[in-house]
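The values are calculated or read from the model by the stated rules, or taken from the named source; none is laboratory data. Quick caveat, the model's predicted, so the values are computed rather than measured. Quick reminder, even Gly has a Cβ in these numbers, built from the backbone with ideal geometry, and neighbours come from all protein chains shown. Note: areas computed on protein heavy atoms with side chains; ligands, DNA, RNA excluded. Shrake-Rupley method; radii C 1.70, N 1.55, O 1.52, S 1.80 Å.
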Amino acid sequence: MRKNQAGMIKISPHTGPALANATLQANLKNTVGKVLHVHQLAVSEVANWQELRCHAEQVKAHTLARLHFYLQELEKQIKGQGGKVVWADNAQDALDFVVELAHQREIRRLVKSKSMLSEEIGLNEALERERIETVETDLGEFIVQLAGEPPFHITAPALHKSRREIAQLFSQKLGMEPSEDVQQITATARTLLREHFLAARLGITGANFAVAETGTIVVVENEGNARLCLSVPETHVVLVGIEKVIPRMADLAVFLKLLTRSATGQRITSYVNLINAGRREREADGPHEFYVVLVDNGRSRLLVDPVMRQTLHCIRCGACLNVCPVYQKIGGHAYQSAYPGPIGAILTPQLTSIESAPEHPFASSLCGACAEVCPVRIPIPHILLRLRAQAQRAKNGKAARVPAEKWAFQLWAWSMSSPTRYSRMEALLRFLQKLFGRDQGLRLPFPPFSQWLRRRELPALAPQSFRQIYRNRKVML
Amino acid sequence: MSRSAILERVRRCGTGTSVPELPQKLPEFPCYQDAAAQFQSALQAAGGTFLDARSAGTLGSALERVLQETGVHEIYWDGHHVFEKHAISYTLRDPQAFSQSRLLHSFHYRGSLQFPLLLNSRPYQLQHLAKISLAVSSAEYGVAETGTVVHEVRPGSGRLLTALPAAHVVLLNDSDLLMNHADLFPVLSPGSTGSMTTLITGPSRTADVEKTLVMGVHGPQRFYVILMKSDQAEKRHTPP
Ligand code: SF4
């Protein structure tokens, strides 16, 4: 979470620059379009997609209601197989553990695969302060790390960069011959990261699921970097949010199908790693130490309310980002949080506080595309509305609207409920448009509308209404 | 203590609300008339190569094709169990070959493979592992739905031999070919054999640059599955 000096996470200062950035807009349009296309193909191939979603939702709802039981079961299973379980109440606890472990083992550089949780708690920054270097090994993460930026997307961290920009970055930072050949870029990263892998003594990964019944940590990936992070080093640390636990192995069939199709449009990813322990006695390799860090960091607070709790169903597929008209325009960085897009809009204020992220619930058009696409059926728009009420209450001390807003809505309702009133209102607006309007759209430069329109643009009204055109045509006929 | 604090908070929040039942049945997963054909098409869609060696004595030619395509002369074997499971005959050159922490390998000049294999071994070292071009392992299961194979770490073998090389070949018995993931996960019990189980589908890949697909980022660039008949036996030679 990237707070400003006042301790707030603000979206508004970042939207304007993002919208004005032509390169960003072009890159976004190109890549998001591709993502949406493959997603559509992968989902339409599954006849009982809705049934799978319901199943997953039900499993999640059950698990979260009995989370204390399943967490203990998970702990028991992991410990029983020789792993160590560490509980972290908040970000600091988790950071302290990793930093201390690295110091104890005298580790100056470690390898890491993708983990949203590590972004959430600010792991790389904390390690950097202790002069411990973190090497991001996922290609996308590696690129944004080179650029000194946070990830742009949950599953595609460098979604916003064109191959040209990446080629420039590689030639600047790595002294590579400038090449826009994606094969070449990938090969360079492979060679460089291979060296880091072979020298690494500590590997950190995230987890997509943790299966309570067997004590299995599930890491889903395509590149094979997580596999190396958790195989080469002598110590493997997994960061797991407490909401990641699922009761049974069997349900993975459903969750994997939903996750990979939603995330990248693949039937399954290249690798699904199921880890139960560090190296066993007669095995040839693998880490000697295996730590599972269970992180709360505000999650348990969300459990109080059964509606808001559904936020914790999220399996971080990123599908809601891709379909979101707001994300498609402002991009991932504007959200100033590890979690962008619709899921970020509901998760960020809940993990921190509504006071520190009051804008997030409003960064949405409430079109509902996110809820429709979400593989675990999180009612994101509904939760957004609840958070908007909370934000309003935090600001005004009450959830009620300001009088001007109330009147505006009454006026709207009044004019929309009769055809005559509707066409009168339309005529009035058209007149106002002639009076104040400029080419791009309707302007209403008087209060209370001017205030409301400060951050909004109204589309221009057509010179003639449909009824008018229809009437004229009829005359012509 | 974080542990008790978290658990206490979680329990308090959880009580008072009704607990939705855990669904007892999995939703339906697709079944296929010809599982092998589905496996082949799904694997190919994921960028892998399918080789059919179900008729007796064809493992050799399948492997030869791999050697030719990859231009490699040396095969590293994931362990003793590969020979056992697929009844591959071998002779040991090296008396220590099967001892723990040694890599088993065989040489094949001019791409021609001969049974029985002449097996050598060398110490298991990371730097050497990183230079290996071709590894052959055996799958616990295959899944037709997605063209997936299941690799389990076993006593005497490890995680890295199949993760580092440029090419990875998996031998799969047709009796281990399951229809879909709903058939797989209920029978999978990770942790019971080895410390890690991996579902592998095709080569290592990325689409992190402009969503353009590239094969072979950190793991194998080429990935082969050779389907075999489970009762098929290359003539077995007893180790001298
Ligand atoms: S909220 Fe739903 S769609 Fe969005 S990332 Fe989470 S699981 Fe995916």
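Going by Cα centres, region A:261-293 and region B:160-180 are how many Å apart?
Cα centroid of region A:261-293 versus Cα centroid of region B:160-180: 16 Å apart.
So what's the back-of-envelope 222 nm ellipticity for chain A, counting only DSSP H runs of four-plus at -39500 (n - 2.57) apiece and dividing by all residues, rounded to 500?
Helix contribution divided over all residues of chain A: -15500 deg cm²/dmol.
Taking the convex hull of the Cα atoms, report for region B:139-240 its projected area averaged over all directions, in nm².
The directionally averaged projection comes out at 8.5 nm².
Beyond 51 Å, what share of the Cα-Cα pairs of the protein assembly as shown is found? Please give it as a whole percent. Please report the intermediate quantities before stating the final value.
Working: 47346 of 256686 pairs.
Counting pairs separated by more than 51 Å, the tail of P(r) holds 18 percent.
Where does region A:113-189 land on the Kirkwood hydrodynamic radius, alpha-carbon pairs, in angstrom?
Details: mean 1/r = 0.0766 Å⁻¹.
Mean inverse Cα-Cα distance, inverted, gives 13.1 Å.
More than 21 angstrom separation, counting every C-alpha pair in region A:1-125; what % is that? Don't jump to the answer; show the numbers that get you there.
Details: 5512 of 7750 pairs.
Value for region A:1-125 (Cα pairs over 21 Å): 71 percent.
Could you give the alpha-carbon Rg of chain B over 2.2 N^0.38 Å, rounded to two decimals?
Numbers: Rg = 21.0 Å, N = 240, 2.2 N^0.38 = 17.7 Å.
Dividing the Cα Rg of chain B by 2.2 N^0.38 Å gives 1.19.
Might you report the magnitude of the Cβ-based charge dipole of chain A about its Cα centre, with Lys and Arg at +1 and Asp and Glu at -1, to the nearest 20 debye?
2660
Pop a pseudo-label 7 angstrom from the Cα along the beta-carbon direction at both A:LEU19 and B:ALA87 and give the gap in nm to one decimal.
Modelled inter-label distance: 7.2 nm.
Compute the distance from the alpha-carbon center of region B:3-75 to that of region B:101-159, in whole Å.
20
Hey, any idea what Rg/Rh is for region B:15-137, computing Rh the Kirkwood way over Cα pairs?
On the way: Rg = 20.9 Å, Rh = 17.7 Å.
Ratio of gyration radius to Kirkwood radius for region B:15-137: 1.18.
Under a straight-distance cross-link criterion of Cα-Cα below 27 Å, which lysines are reachable from A:LYS474, leaving out those fewer than 8 residues away in the same chain?
A:LYS434
Given R₀ = 45 Å, FRET efficiency for B:ARG12-B:SER189 by Cβ-Cβ distance, to 0.05? Spell out each step's value before the answer.
On the way: r = 34 Å, r/R0 = 0.75.
E(calc), rounded to 0.05, equals 0.85.
Might you work out the accessible area of B:HIS128 for me, using a 1.4 Å probe with all protein chains in place, and round it to the nearest 10 Å²?
The accessible area of B:HIS128 comes to roughly 30 Å².
Going Cα to Cα from A:LYS244, which aspartates and glutamates come in below 14 Å? Please leave out same-chain ones fewer than 8 positions away.
Reachable aspartates and glutamates: A:GLU57, A:GLU73, A:GLU75, A:GLU213, A:ASP296.
Cα-based Rg of region A:141-296 per 2.2 N^0.38 Å, rounded to two decimals? Show your work: numbers first, answer last.
Values: Rg = 17.3 Å, N = 156, 2.2 N^0.38 = 15.0 Å.
Against the compact-globule rule of thumb, the ratio is 1.15.
How would B:LYS85, A:LYS79 rank on accessible area, largest to smallest, probe 1.4 Å? Please report the intermediate quantities before stating the final value.
Values: B:LYS85 70, A:LYS79 110 Å².
Listed by decreasing accessible area, they come as A:LYS79, B:LYS85.
How far apart, in nm, are the 7 Å Cα→Cβ label points at A:SER179 and A:ARG109?
Here the modelled spin labels are 2.2 nm apart.
Given a 1.4 Å probe and the protein chains all in place, what does the accessible area of A:MET116 round to, in Å² to the nearest 10?
About 20 Å², ignoring ligands and nucleic acids.
On the accessible surface of the protein assembly as shown, probed at 1.4 Å, how many percent belong to carbon and sulfur atoms? Intermediate results must be reported in sequence, preceding the final value.
Working: 15770 of 30360 Å².
Answer for the protein assembly as shown is 52 percent, counting heavy atoms of protein chains only.
Say each of A:GLN40 and A:TRP412 gets a label point 7 Å from the Cα, pointing the same way as Cα to Cβ; how far apart are those two points in nm?
For the pair A:GLN40/A:TRP412, the computed spacing is 3.0 nm.
Take the Cα of A:ARG424, step 7 Å along the line toward its Cβ, and report every residue of region A:372-414 whose backbone nitrogen sits under 18 Å from that point.
Under 18 Å, as judged by backbone N against the label point of A:ARG424, lie A:408-414 of region A:372-414.
Would you kindly state how much longer the chain becomes between A:ALA147 and A:LYS79 on full extension, computed as 0.36 nm times their sequence separation minus their alpha carbon distance, in nm to one decimal?
Working: separation 68, 0.36 × 68 = 24.48 nm, distance 3.96 nm.
Value of the extension gain: 20.5 nm.
Can you pull the three principal axis extents for the Cα set of region A:328-477, in Å, largest first?
The Cα atoms of region A:328-477 stretch 61, 36, 29 Å along the principal axes, largest first.
Can you return the lysines within cross-link range of B:LYS229? Criterion is Cα-Cα under 30 Å, with same-chain partners fewer than 8 residues away left out.
Partners found: A:LYS257, B:LYS85.
P(r) for region A:270-377, please, calculated from all Cα pair distances in 5 Å bins and given in %.
Bins of 5 Å from zero give 2, 11, 17, 18, 16, 10, 8, 8, 6, 3, 1, 0 percent of pairs.
Cβ under 11 Å from A:THR264's Cβ, A:THR264 left aside: what net charge do those residues give with Lys, Arg +1 and Asp, Glu -1?
On the way: positive: A:LYS34, A:ARG261, A:ARG267, B:ARG205, B:LYS211; negative: A:GLU221, B:ASP208.
Residues close to A:THR264 contribute a combined charge of +3.
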